[in-house]
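Read through the structure below, which is laid out as structure tokens, and then see the notes.
No value in this document is a laboratory result; all are computed from the given coordinates. Being a predicted model, the structure only gives us computed values, none of them experimental. Note: ideal-geometry Cβ built from the backbone for every residue, glycine included; neighbour counts use all protein chains shown.
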Amino acid sequence: MKILADQNMPLVEAFFSPLGEIIRFDGRSLTPEQAKDADVLLTRSVTNVNEALLAQNTQLKFVGTATIGVDHIDQTYLQSRNVPFSSAPGCNSIAVAEYVLSAIFALAQEQHFSVFEKTIAIVGVGSIGQCLADKLAAVGVKTLLVDPPRQARGDNGNWHELDDALAQSDIVTFHVPLVKEGQHCTYHLLDKARIDALAANKIVINASRGDVIDNQALLARQQEHDDLCLVLDVWENEPDILEELIPFVELASVHIAGHTLEGKGRGTLMLYQALCQHLDIAPSSSLVDHLPTPSLQTLTLSDTWSLDELGSLVHLIYDVRRDDAILRAQLQSHGFDVLRKNYPVRRELSTLKLTGSNPNLNALAAFGFSI
């Protein structure tokens with residue numbers, strides 16, 4: 001069996017080698033000629049899987065994307081060919097939530113504010129947004145939840161309208177899928193009108209899809225006023241991003257919010273399990289078998305440690321300012337995709353076990369650390 005896998009997917013050889021021959025490819029430049037002999041195609045978000053890509057392939061048995069989002073997959077076409085498809089919902093929810101938390105605590109340190117006195121609007125409360133909301137609730141941070149599809153379905157929740165949440169929050173973070181049409185369209189959800197209406201000093205975070213925010217309108221607002229605090233992990237027209245916007249962004253990165261070793265590994269694992277199910281064989285490998293030992297494993301908190309020090313604790317594991325520095329120093333010489341491909345190893349908060357008798361340990365466990 002010939003397994004074609006994106007070069008940026010980790011642990012593919014560890015999981016899939018017993019199932020067939022593995023051939024790696026560049027996700028942005030995969031051609032129909034390269035794909036024509038594949039029995040299994042494993043992708044990430046930069047590869048559009050559609051009729052044009054698969055026109056020469058007559059033997060495809062399985063397609064998987066190691067991502068939560070599926071807007072790059074023509075599922076209708078795959079169904080027309082009876083090709084099974086699987087994604088990896090929730091695989092990087094923790095990673096993206098921790099990216100946002102690292103960014104917020106970094107800004108709190110630099111701008112001298114308390115996160116616990118801020119109101120955070122979470123736009124899109126799927127697996128990532130809910131994970132972030134749960135972490136913030138665990139340590140007592142106020143959130144406003146915006147998710148029109150869930151609200152329309154009647155899901156339980158204290159839902160807010162987007163414009164009200166934008167007006168009432170100090171920080172707004174986007175975690176919606178890219179939907180280009182229909183009632184719940186998210187393309188340019190933050191459009192020129194909404195960007196122009198944002199209060200000065202609003203913190204705006206986008207770790208979903210670049211097209212959710214009108215980057216040109218954002219640049220125009222910043223060029224005129226330079227009064228928004230921006231955290232952008234995703235950009236319109238990746239990898240050819242609007243570089244003129246970068247000087248007006250406080251924290252910038254190359255679409256790596258979900259790229260923890262654990263998050264990317266979970267995505268690969270989920271596709272491995274789905275393929276095993278399709279082939280009617282038992283999985284023989286688990287994620288814990290292949291993850292390296294973290295460099296920092298255990299930390300004892302004294303009884304005097306308080307949640308006011310939470311930002312420093314988060315940054316022991318991951319400080320987003322590292323990724324911002326990489327983009328600013330190397331984007332011109334290396335390019336967006338090279339930086340993304342060569343992203344340094346990053347671990348999740350759960351790799352650190354906290355010990356001691358500090359009264360906040362249960363809250364910290366709900367926040368994501370191990371105890």
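Side notes on the structure shown:
- As a proxy for reagent exposure, ranking Val123, Val234 by other Cβ atoms within 10 Å from fewest up yields Val234, Val123.
- At q = 0.21, 0.22 Å⁻¹, base-10 log of I(q)/I(0) for segment 2-87 (Debye sum, equal scatterers on each alpha carbon): -0.97, -1.08
- Part-to-part distance (alpha-carbon centres) for segment 9-72 and segment 132-195, which is given in Å: 33
- Principal semi-axes in Å for the chain [√(5λ), Cα gyration tensor, largest first]: 34, 26, 20
- Per-bin percent of Cα-Cα distances, segment 217-371 [10 Å]: 9, 28, 27, 24, 11, 1
- Summarising the strand pairing of the chain, around 0 percent of its internal DSSP beta bridges are antiparallel.
- With a simple spin-label model that places each label point 7 Å from the Cα along the Cα-to-Cβ direction, the separation between Ile281 and Asp163 comes to 5.7 nm.
- Axial C-alpha extent at least 20 Å, average Kyte-Doolittle at least -0.5 - helices from the chain (DSSP): 93-111, 261-279
- Dipole of the chain [Lys/Arg +1, Asp/Glu -1 at C-beta], most positive-end residue of Ser285, His72, Val12: Ser285
- On the basis of the beta-carbon distance and an R0 of 22 Å, Glu21 and Gln59 show a calculated FRET efficiency of 0.95.
- Percent antiparallel among DSSP beta bridges (both partners in segment 2-87, rounded to 5): 0
- Inter-site label distance for Ala138 and Ser370 at 7 Å from Cα along Cβ, in nm: 1.4
- Rounded to the nearest 0.05, the FRET efficiency derived from the C-beta distance between Asp226 and Asn50 at R0 = 25 Å is 0.05.
- Residues Val345 and Asp303, FRET efficiency given R0 of 41 Å [Cβ-Cβ distance, rounded to 0.05]: 0.80
- Summing Cβ point charges (Lys, Arg +1; Asp, Glu -1) relative to the Cα centre of the chain gives a dipole of roughly 880 debye.
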